[in-house]
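The values are calculated or read from the model by the stated rules, or taken from the named source; none is laboratory data. Only a predicted model underlies this, so the values are computations on that prediction, with no experimental measurement involved. Positions of Cβ are backbone-derived with ideal geometry, glycine not excepted, and every protein chain shown enters the neighbour counts. These accessible areas exclude ligands, DNA and RNA; they are computed on the full protein's heavy atoms, side chains included. Shrake-Rupley method; radii C 1.70, N 1.55, O 1.52, S 1.80 Å.
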Amino acid sequence: MKRAACAVVLACSSLCVADVLHDTDAPGGALGFWGPDVFDAQSVAARFAPSGSYTLDRVGVYFMNNDFGGGHPSVTLTLQTDASDEFGGGVSVPSGTVLETWQINVAAVGWQPVQQFVNSSSHPLLRSGRKYWVVAESSAEAQENGVWNFAATGSGYTATTDFGEWSGGASAALCLRVEGTGACPADFDGNGEVEPTDIAVFIQAWLASVAGGTLEGDFDGSGTVDPVDIAAFIQAWLQAVQGGC
(Lines give C-alpha, C1' and ligand atoms only; values in the text may rest on other atoms or scores of the structure.)
Protein backbone atom coordinates (compact mmCIF):
# COMPACT_ATOMS: atom_id res chain seq x y z
CA MET A 1 0.00 0.00 0.00
CA LYS A 2 2.87 2.41 0.81
CA ARG A 3 4.48 1.67 -2.55
CA ALA A 4 1.17 2.30 -4.35
CA ALA A 5 0.61 5.53 -2.41
CA CYS A 6 4.07 6.79 -3.42
CA ALA A 7 3.29 5.98 -7.04
CA VAL A 8 0.07 7.96 -6.81
CA VAL A 9 1.88 10.98 -5.36
CA LEU A 10 4.46 10.84 -8.15
CA ALA A 11 1.75 10.43 -10.76
CA CYS A 12 -0.24 13.40 -9.59
CA SER A 13 2.90 15.50 -9.19
CA SER A 14 3.52 15.05 -12.90
CA LEU A 15 -0.02 16.33 -13.60
CA CYS A 16 0.37 19.64 -11.76
CA VAL A 17 0.70 21.85 -14.85
CA ALA A 18 -1.28 25.11 -14.85
CA ASP A 19 -3.62 25.49 -17.80
CA VAL A 20 -6.12 28.00 -19.16
CA LEU A 21 -9.59 26.50 -18.89
CA HIS A 22 -11.51 29.44 -20.33
CA ASP A 23 -10.40 32.75 -21.83
CA THR A 24 -12.18 35.45 -23.79
CA ASP A 25 -10.81 38.37 -25.74
CA ALA A 26 -10.02 41.59 -23.92
CA PRO A 27 -12.80 44.22 -23.84
CA GLY A 28 -13.37 46.70 -26.66
CA GLY A 29 -14.42 46.42 -30.29
CA ALA A 30 -16.78 48.31 -32.56
CA LEU A 31 -19.08 49.32 -29.69
CA GLY A 32 -16.23 50.45 -27.46
CA PHE A 33 -16.09 49.54 -23.79
CA TRP A 34 -19.44 48.39 -22.42
CA GLY A 35 -20.97 45.82 -20.14
CA PRO A 36 -23.64 45.09 -17.52
CA ASP A 37 -23.80 46.99 -14.22
CA VAL A 38 -23.23 45.02 -11.03
CA PHE A 39 -25.25 46.80 -8.35
CA ASP A 40 -27.90 46.27 -5.68
CA ALA A 41 -30.63 45.44 -8.23
CA GLN A 42 -28.63 43.33 -10.67
CA SER A 43 -26.18 40.47 -10.35
CA VAL A 44 -24.22 39.24 -13.35
CA ALA A 45 -22.85 35.80 -14.22
CA ALA A 46 -20.67 34.14 -16.86
CA ARG A 47 -20.56 30.40 -17.59
CA PHE A 48 -17.68 28.13 -18.52
CA ALA A 49 -17.22 24.37 -18.92
CA PRO A 50 -13.75 22.78 -18.55
CA SER A 51 -12.79 20.20 -21.16
CA GLY A 52 -11.02 18.07 -18.55
CA SER A 53 -10.83 17.66 -14.78
CA TYR A 54 -8.95 20.48 -13.04
CA THR A 55 -8.48 22.09 -9.68
CA LEU A 56 -9.08 25.84 -9.78
CA ASP A 57 -6.09 28.18 -9.53
CA ARG A 58 -7.42 31.66 -10.26
CA VAL A 59 -10.11 33.70 -12.01
CA GLY A 60 -9.66 36.96 -13.92
CA VAL A 61 -12.34 39.56 -14.79
CA TYR A 62 -12.34 42.99 -16.43
CA PHE A 63 -14.22 45.75 -14.60
CA MET A 64 -14.94 49.42 -15.17
CA ASN A 65 -16.20 51.89 -12.58
CA ASN A 66 -19.34 54.02 -12.62
CA ASP A 67 -18.18 55.92 -9.54
CA PHE A 68 -16.36 58.85 -11.11
CA GLY A 69 -15.99 60.42 -7.67
CA GLY A 70 -12.94 58.29 -6.98
CA GLY A 71 -14.59 55.49 -5.05
CA HIS A 72 -13.87 51.81 -5.64
CA PRO A 73 -17.11 49.83 -5.24
CA SER A 74 -16.98 46.42 -3.61
CA VAL A 75 -17.95 43.32 -5.60
CA THR A 76 -18.46 39.79 -4.35
CA LEU A 77 -17.42 37.07 -6.79
CA THR A 78 -18.52 33.49 -6.29
CA LEU A 79 -17.85 30.25 -8.14
CA GLN A 80 -21.10 28.31 -8.42
CA THR A 81 -22.27 25.05 -9.94
CA ASP A 82 -24.91 24.92 -12.67
CA ALA A 83 -28.55 24.29 -11.79
CA SER A 84 -29.12 21.91 -14.71
CA ASP A 85 -26.08 19.82 -13.73
CA GLU A 86 -26.92 19.76 -10.04
CA PHE A 87 -30.70 19.51 -10.00
CA GLY A 88 -31.54 18.29 -13.50
CA GLY A 89 -33.82 19.96 -16.00
CA GLY A 90 -32.97 22.11 -18.99
CA VAL A 91 -32.43 25.54 -17.39
CA SER A 92 -28.73 26.44 -17.24
CA VAL A 93 -28.35 29.14 -14.57
CA PRO A 94 -26.25 29.51 -11.42
CA SER A 95 -27.44 26.98 -8.86
CA GLY A 96 -26.76 28.97 -5.71
CA THR A 97 -24.32 26.28 -4.55
CA VAL A 98 -21.13 28.23 -3.86
CA LEU A 99 -17.76 26.51 -4.24
CA GLU A 100 -15.62 29.56 -3.40
CA THR A 101 -16.08 33.26 -2.62
CA TRP A 102 -13.87 36.31 -3.19
CA GLN A 103 -14.24 39.98 -2.32
CA ILE A 104 -12.72 42.65 -4.57
CA ASN A 105 -12.81 46.41 -4.85
CA VAL A 106 -13.03 47.63 -8.43
CA ALA A 107 -9.56 48.91 -9.28
CA ALA A 108 -10.58 50.87 -12.37
CA VAL A 109 -11.18 54.60 -12.28
CA GLY A 110 -13.97 55.53 -14.67
CA TRP A 111 -14.55 53.71 -17.95
CA GLN A 112 -11.05 52.41 -18.51
CA PRO A 113 -11.19 48.63 -17.97
CA VAL A 114 -8.82 46.93 -15.55
CA GLN A 115 -8.29 43.17 -15.37
CA GLN A 116 -8.34 41.84 -11.82
CA PHE A 117 -7.42 38.33 -10.67
CA VAL A 118 -8.52 36.43 -7.59
CA ASN A 119 -6.56 33.39 -6.41
CA SER A 120 -8.24 30.22 -5.22
CA SER A 121 -7.44 29.15 -1.68
CA SER A 122 -9.61 26.02 -1.55
CA HIS A 123 -8.83 24.83 -5.14
CA PRO A 124 -12.21 23.17 -5.79
CA LEU A 125 -12.30 20.31 -8.25
CA LEU A 126 -13.87 21.24 -11.60
CA ARG A 127 -15.12 18.20 -13.49
CA SER A 128 -14.89 17.64 -17.22
CA GLY A 129 -18.05 18.51 -19.08
CA ARG A 130 -19.76 20.14 -16.09
CA LYS A 131 -20.84 23.76 -16.29
CA TYR A 132 -19.72 26.37 -13.75
CA TRP A 133 -20.55 30.03 -13.16
CA VAL A 134 -18.61 33.04 -11.95
CA VAL A 135 -21.22 35.29 -10.36
CA ALA A 136 -20.72 38.98 -9.46
CA GLU A 137 -22.92 40.69 -6.88
CA SER A 138 -22.74 44.07 -5.16
CA SER A 139 -24.68 46.22 -2.72
CA ALA A 140 -23.43 49.38 -4.46
CA GLU A 141 -26.06 51.80 -5.68
CA ALA A 142 -26.67 52.47 -9.37
CA GLN A 143 -24.26 55.01 -10.92
CA GLU A 144 -21.74 54.23 -8.17
CA ASN A 145 -21.12 50.60 -9.08
CA GLY A 146 -18.75 48.35 -10.96
CA VAL A 147 -19.34 47.34 -14.59
CA TRP A 148 -18.28 43.89 -15.82
CA ASN A 149 -16.93 44.29 -19.36
CA PHE A 150 -17.97 42.39 -22.44
CA ALA A 151 -15.21 40.89 -24.58
CA ALA A 152 -14.42 42.48 -27.94
CA THR A 153 -15.27 39.36 -29.97
CA GLY A 154 -15.85 35.69 -29.44
CA SER A 155 -18.73 33.60 -28.19
CA GLY A 156 -19.77 32.83 -24.67
CA TYR A 157 -22.68 32.42 -22.30
CA THR A 158 -23.83 35.41 -20.31
CA ALA A 159 -26.66 35.62 -17.81
CA THR A 160 -27.81 38.63 -15.85
CA THR A 161 -30.37 38.78 -13.12
CA ASP A 162 -32.70 41.63 -12.26
CA PHE A 163 -34.77 41.46 -9.08
CA GLY A 164 -33.77 37.87 -8.48
CA GLU A 165 -34.71 36.22 -11.78
CA TRP A 166 -31.89 34.87 -13.93
CA SER A 167 -32.20 35.55 -17.63
CA GLY A 168 -29.87 35.59 -20.60
CA GLY A 169 -28.15 33.12 -22.87
CA ALA A 170 -25.47 32.72 -25.51
CA SER A 171 -24.54 36.22 -26.58
CA ALA A 172 -21.68 38.68 -26.20
CA ALA A 173 -19.24 37.05 -23.79
CA LEU A 174 -18.29 38.63 -20.50
CA CYS A 175 -14.53 38.96 -20.13
CA LEU A 176 -13.48 35.94 -18.12
CA ARG A 177 -10.27 33.97 -17.69
CA VAL A 178 -10.15 30.77 -15.64
CA GLU A 179 -6.92 28.93 -14.85
CA GLY A 180 -6.45 25.55 -13.22
CA THR A 181 -4.22 22.53 -12.72
CA GLY A 182 -4.95 19.16 -14.32
CA ALA A 183 -6.46 16.63 -11.94
CA CYS A 184 -7.49 12.99 -11.95
CA PRO A 185 -11.27 12.70 -12.43
CA ALA A 186 -11.29 10.12 -9.62
CA ASP A 187 -9.62 12.57 -7.20
CA PHE A 188 -12.85 13.67 -5.53
CA ASP A 189 -11.27 15.71 -2.75
CA GLY A 190 -8.82 17.45 -5.09
CA ASN A 191 -5.75 16.74 -2.93
CA GLY A 192 -3.66 15.48 -5.86
CA GLU A 193 -3.97 11.79 -5.02
CA VAL A 194 -6.41 8.95 -5.77
CA GLU A 195 -6.50 7.18 -2.43
CA PRO A 196 -8.78 5.21 -0.12
CA THR A 197 -10.67 8.40 0.80
CA ASP A 198 -11.68 8.83 -2.84
CA ILE A 199 -12.68 5.16 -3.08
CA ALA A 200 -14.95 5.65 -0.06
CA VAL A 201 -16.47 8.79 -1.62
CA PHE A 202 -17.12 6.93 -4.86
CA ILE A 203 -18.77 3.96 -3.11
CA GLN A 204 -20.94 6.34 -1.10
CA ALA A 205 -21.91 8.22 -4.28
CA TRP A 206 -22.76 4.96 -6.04
CA LEU A 207 -24.97 3.77 -3.18
CA ALA A 208 -26.68 7.17 -2.97
CA SER A 209 -27.22 7.20 -6.73
CA VAL A 210 -28.90 3.80 -6.60
CA ALA A 211 -31.27 5.36 -4.08
CA GLY A 212 -31.79 8.39 -6.32
CA GLY A 213 -29.26 10.78 -4.81
CA THR A 214 -25.90 12.31 -5.64
CA LEU A 215 -24.18 12.32 -9.06
CA GLU A 216 -20.66 12.85 -7.67
CA GLY A 217 -19.31 9.70 -9.35
CA ASP A 218 -21.25 10.04 -12.60
CA PHE A 219 -18.27 10.22 -14.98
CA ASP A 220 -20.21 9.69 -18.21
CA GLY A 221 -23.03 12.11 -17.38
CA SER A 222 -25.74 9.47 -17.71
CA GLY A 223 -27.59 10.64 -14.61
CA THR A 224 -26.67 7.60 -12.50
CA VAL A 225 -23.53 6.07 -11.02
CA ASP A 226 -23.57 2.70 -12.76
CA PRO A 227 -21.14 -0.08 -13.82
CA VAL A 228 -19.74 2.15 -16.60
CA ASP A 229 -18.71 4.70 -13.97
CA ILE A 230 -17.30 1.98 -11.72
CA ALA A 231 -15.10 0.83 -14.61
CA ALA A 232 -14.04 4.43 -15.30
CA PHE A 233 -13.13 4.96 -11.65
CA ILE A 234 -11.06 1.77 -11.48
CA GLN A 235 -9.27 2.70 -14.73
CA ALA A 236 -8.47 6.21 -13.44
CA TRP A 237 -7.19 4.80 -10.15
CA LEU A 238 -4.98 2.21 -11.87
CA GLN A 239 -3.60 4.85 -14.26
CA ALA A 240 -2.75 7.09 -11.31
CA VAL A 241 -0.93 4.25 -9.56
CA GLN A 242 0.98 3.47 -12.77
CA GLY A 243 2.11 7.07 -13.26
CA GLY A 244 -0.51 9.00 -15.21
CA CYS A 245 -4.19 9.70 -14.77
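Candidates are the residues of the stretch 140-149 that are in a loop (DSSP other than H, G, I, E, B) and closer than 19 Å to GLY69 by Cα; the one that is least open to solvent (accessible area, probe 1.4 Å) is ASN145. Among the residues making up the stretch 113-139, those that are open to solvent by 50 Å² or more (accessible area, probe 1.4 Å) and at pLDDT below 95 are SER122, HIS123, SER128, GLY129, ARG130. Per this entry, ALA173 is not counted among residues that are open to solvent by less than 20 Å² (accessible area, probe 1.4 Å), among the hydrophobic types (A, V, I, L, M, F, W, C) and without any contact (Cβ under 8 Å) to a residue 60 or more places away in the chain. In the set (1) modelled with pLDDT of 90 or more; (2) open to solvent by 20 Å² or more (accessible area, probe 1.4 Å), ALA83 fails one condition alone, (2). Scanning the stretch 94-110 for residues that are at pLDDT 95 or above, open to solvent by 70 Å² or more (accessible area, probe 1.4 Å) and over 12 Å from the mean Cα position of the chain (by Cα) returns GLN103, ASN105. When the criteria are applied in full, ALA46 fails the requirement of being of a type outside the set (D, E, K, R), open to solvent by less than 20 Å² (accessible area, probe 1.4 Å) and over 11 Å from the mean Cα position of the chain (by Cα).
Screening GLY154 against (1) under 13 Å from the mean Cα position of the chain (by Cα); (2) open to solvent by 50 Å² or more (accessible area, probe 1.4 Å) leaves a single unmet condition, (1).
Residues that are open to solvent by 40 Å² or more (accessible area, probe 1.4 Å) and either on the phi < 0 side of the Ramachandran plot or modelled with pLDDT of 95 or more (or both) within the stretch 23-38 comprise ASP23, ASP25, ALA26, ALA30, LEU31, PHE33, TRP34, ASP37, listed in sequence order.
Taken over the stretch 50-69, the residue count meeting the criterion of being assigned to a loop (DSSP other than H, G, I, E, B), open to solvent by 50 Å² or more (accessible area, probe 1.4 Å) and either over 15 Å from GLU179 (Cα atoms) or in contact with a Phe, Trp or Tyr (Cβ under 7 Å, 6 or more places away or on another chain) (or both) is 2.
Restricting attention to the stretch 41-69, which residues are out of contact with any strand residue (DSSP E or B) (no Cβ under 8 Å at 6 or more places or on another chain) and acidic (Asp, Glu)?
ASP67
The single condition from (1) within 30 Å of LEU238 (Cβ to Cβ); (2) without any contact (Cβ under 8 Å) to a residue 60 or more places away in the chain that ALA107 fails is (1).
Could you list, in sequence order, all residues of the stretch 179-199 that are open to solvent by 60 Å² or more (accessible area, probe 1.4 Å) and either among the hydrophobic types (A, V, I, L, M, F, W, C) or at pLDDT below 70 (or both)? Show your work before the answer.
Within the stretch 179-199, the first condition is being open to solvent by 60 Å² or more (accessible area, probe 1.4 Å), and the residues that meet it are 189, 191, 196-197.
Answer for the stretch 179-199, where residues must be open to solvent by 60 Å² or more (accessible area, probe 1.4 Å) and either among the hydrophobic types (A, V, I, L, M, F, W, C) or at pLDDT below 70 (or both): ASP189, ASN191.
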